C-alpha cells in the first residue's frame, strides 16, 4: 500500500533528526578548536551555497520575491532567534538542561498547529506528545535548580517552533531548495552575531576543516528532510518524531564514545519511540 502523507512526513522527520544528530557530533568536535560563532557562520555559508546551487540547477531563482512575503520574513526572524539564543544557551548553561528545554518544542508546534492552522488535535495525540516529552525528561534528567540563563533556551525553542510553523505557511511556489538556502543564510547571520560577541576567529586546521565540511553536509541533508517533513502531512502527526533525535544521539554516543545507557535511558527511549508511533497511528481528530 502507498504511504500516507503522515507516514511520509514521519519518515522525512526521522531522517532529518538522524542528519542533525550526526551534524551535532561534528559541530561539537569543531567547536573544541574554533569559536561556536565561527562554526555556525561557516556551516551556514556552506549550506547556503549548496542549496543555492541546487536551486539554480533546477532553474529556480536564488532570491525570489516571495522571500519578502510576510510568512517568510516571520520564518527568517524565528530562524535567527532560534539559532542565536540556543547557541548562547549551550555555551552559557548546562547542556542537559538546555537540551531538555528544547525538547518542549513539539508541544509548542502542536499547539500552534491547532491555533493557527485549525488542525484538530485530539486528546489521545496530546497524550502521545506529552508521553514522549516525559521520556525525554527521563533520559536527560535535568537538574531541578533554576537559572535565569535557562530563559535563553526557552527563547531558542520558541524560535525553532515558530520557524517550523512558518515553514508550513510558506508560499507553495517556493521549493525546498529555496527554503534551505534561506534557512542556512539565517544560520550564517546567527553565527556572525555570536562571532561578533565572542571574537577569536582563526583559520581551521585540516582536521577541523574536515569536521566543518562533514557537519555542513549532514546539516544540509537534515534541513532538506525537515523542510519536506513540515510540508507533508499533519503537523501534529509529524512533529512527535522530533524526539527520535535523542535516540540517534544515544546510538552515536555508544558507537563513538563508548557510552553505555542505563535503565532509565532505555525506559525513556521506549517512551519516545512508542509515543511517536502511537501519534502517527491516530487518525486526524482522534
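The values are calculated or read from the model by the stated rules, or taken from the named source; none is laboratory data. Since we're looking at a predicted model, the values are computed, not measured. Cβ: placed from backbone, ideal geometry, glycine included. Neighbour counts: every protein chain shown.
Just to verify a result, which residue in region 109-125, among those that are in contact with a helix residue (DSSP H, G or I) (Cβ under 6 Å, 6 or more places away or on another chain) and either surrounded by fewer than 16 Cβ atoms within 10 Å (Cβ to Cβ) or part of a loop (DSSP other than H, G, I, E, B) (or both), is modelled with the lowest pLDDT?
If we take residues in region 109-125 being in contact with a helix residue (DSSP H, G or I) (Cβ under 6 Å, 6 or more places away or on another chain) and either surrounded by fewer than 16 Cβ atoms within 10 Å (Cβ to Cβ) or part of a loop (DSSP other than H, G, I, E, B) (or both), then 121 is modelled with the lowest pLDDT.
Of all the criteria given as (1) farther than 28 Å from residue 108 by Cβ; (2) surrounded by fewer than 21 Cβ atoms within 10 Å (Cβ to Cβ); (3) touching a residue at least 60 places away in the same chain (Cβ under 8 Å), the one not satisfied by residue 263 is (3).
Of the helices (runs of 4 or more DSSP H) lying entirely inside region 190-286, those containing at least 3 residues that are within 26 Å of residue 161 (Cα to Cα) and at pLDDT 80 or above are 206-230, 244-257, 263-281.
Looking at residue 128, is it within 29 Å of residue 262 (Cβ to Cβ) and either part of a helix (DSSP H, G or I) or at pLDDT 80 or above (or both)?
Working: within 29 Å of residue 262 (Cβ to Cβ): yes; either part of a helix (DSSP H, G or I) or at pLDDT 80 or above (or both): yes.
Spelling it out, residue 128 is indeed within 29 Å of residue 262 (Cβ to Cβ) and either part of a helix (DSSP H, G or I) or at pLDDT 80 or above (or both).
Restricting region 11-39 to residues that are without any contact (Cβ under 8 Å) to a residue 60 or more places away in the chain and in a loop (DSSP other than H, G, I, E, B), which is nearest to residue 164 (Cα to Cα)? The residue in question is 31. Picking from residues in region 81-102 that are within 15 Å of residue 167 (Cβ to Cβ) and buried (at least 21 other Cβ atoms within 10 Å of the Cβ), the one that is modelled with the highest pLDDT is 82.
Only residues that are closer than 24 Å to residue 193 by Cα and either touching a residue at least 12 places away in the same chain (Cβ under 8 Å) or in a helix (DSSP H, G or I) (or both) were counted across region 40-68, and they come to 16. Within region 149-160, at least one residue is part of a loop (DSSP other than H, G, I, E, B) and surrounded by fewer than 22 Cβ atoms within 10 Å (Cβ to Cβ). Residue 78 satisfies every condition listed in (1) more than 19 Å from the chain's Cα centre (by Cα); (2) closer than 20 Å to residue 222 by Cβ except (1).
Checked against (1) at pLDDT 85 or above; (2) under 26 Å from residue 265 (Cβ atoms), residue 105 passes all but condition (1).
Report, by residue number, each residue of region 1-24 that is touching a helix residue (DSSP H, G or I) at 6+ places or on another chain (Cβ under 6 Å) and within 30 Å of residue 203 (Cα to Cα). Across region 1-24, the qualifying residues are 16, 17, 18, 19, 20, 21, 22, 23.
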